[in-house]
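What follows is a single structure, written as structure tokens, with notes after it.
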Amino acid sequence: PVGSTLTIGAGLLAPIFDRARPNGQPAVAGAVQRETVETYRGALLTALGEAQNALTAAVEARSRHALLAEIVEEARITARLARLQYVEGEADLQTVLDAEQRLVAVEDALAVAIQERHEAGIDVYRSMGGNPRSDAVACRC
């Protein structure tokens, strides 16, 4: 792991030092190197910001998914109880239909939350430099 970290670090810094080789013009070389360092710093800060945003979105999607899963379970219990009350004659059909309609609505919201959680995971992967499309193609070979 340390060797690969050093290799990655050297790969990231190589463009900074390659561009600033003195060609008889040390002032120009220094300015070019400073500009390259600032460009690199800006790109790095942008990448870190995107990664942080993706991780935050993934955590929020996970929380939303967990909350909706609990709500779905409660809606299932409510719908089941409404059906039992209807069978016993203690509730009318409209109560059962309302409970069933609420259950379908929260199940739909849960499906959307699951999709958003998966998309957030993909965004995290991409923000860390991954490309699912090229990886999928590479795995099929």
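The values are calculated or read from the model by the stated rules, or taken from the named source; none is laboratory data. All of these numbers come straight from a predicted model, not from anything done at the bench. So basically every Cβ, Gly included, is an ideal-geometry build from the backbone, and we count neighbours across all protein chains shown. Protein only, heavy atoms only, side chains kept; ligands, DNA and RNA dropped before computing areas. Shrake-Rupley method; radii C 1.70, N 1.55, O 1.52, S 1.80 Å.
When you go through (1) open to solvent by 70 Å² or more (accessible area, probe 1.4 Å); (2) at pLDDT 95 or above one by one for VAL112, which number turns out not to apply?
(1)
Can you name the condition, by its number, that ALA99 falls short on among (1) in contact with a Gly (Cβ under 9 Å, 6 or more places away or on another chain); (2) open to solvent by less than 50 Å² (accessible area, probe 1.4 Å)?
(1)
Listed here are the residues, each with its yes/no results for (1) under 23 Å from the mean Cα position of the chain (by Cα); (2) free of Cβ contacts under 8 Å to residues at least 60 places away in the same chain.
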{"position": "VAL37", "(1), (2)": "no, yes"}
{"position": "ALA47", "(1), (2)": "yes, no"}
{"position": "GLU50", "(1), (2)": "yes, no"}
{"position": "HIS65", "(1), (2)": "yes, yes"}
{"position": "ALA79", "(1), (2)": "no, yes"}
{"position": "ALA82", "(1), (2)": "no, yes"}
{"position": "LEU103", "(1), (2)": "no, yes"}
{"position": "GLN115", "(1), (2)": "yes, yes"}
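Quick one: would you say VAL87 is β-branched (Val, Ile, Thr) and open to solvent by less than 90 Å² (accessible area, probe 1.4 Å)?
On the way: β-branched (Val, Ile, Thr): yes; open to solvent by less than 90 Å² (accessible area, probe 1.4 Å): no.
Here the answer is no, as VAL87 does not meet what is asked.
Which members of segment 13-58 meet the condition of being assigned to a helix (DSSP H, G or I), modelled with pLDDT under 85 and loosely packed, with under 12 Cβ neighbours inside 10 Å?
Just the residues of segment 13-58 that are assigned to a helix (DSSP H, G or I), to begin with: 13-19, 26-58.
Cutting the leftovers down to modelled with pLDDT under 85 gives us 13-19, 26-32.
Result: ALA14, ASP18, PRO26, ALA27.
Condition first: touching a residue at least 40 places away in the same chain (Cβ under 8 Å) and either charged (D, E, K, R) or open to solvent by 60 Å² or more (accessible area, probe 1.4 Å) (or both). Now tell me which residues in segment 67-77 satisfy that. It would help to see each step written out before you state the result.
So the first thing to find is which residues in segment 67-77 are touching a residue at least 40 places away in the same chain (Cβ under 8 Å), and the list is 68-69.
None - no residue of segment 67-77 is touching a residue at least 40 places away in the same chain (Cβ under 8 Å) and either charged (D, E, K, R) or open to solvent by 60 Å² or more (accessible area, probe 1.4 Å) (or both), so the list stays empty.
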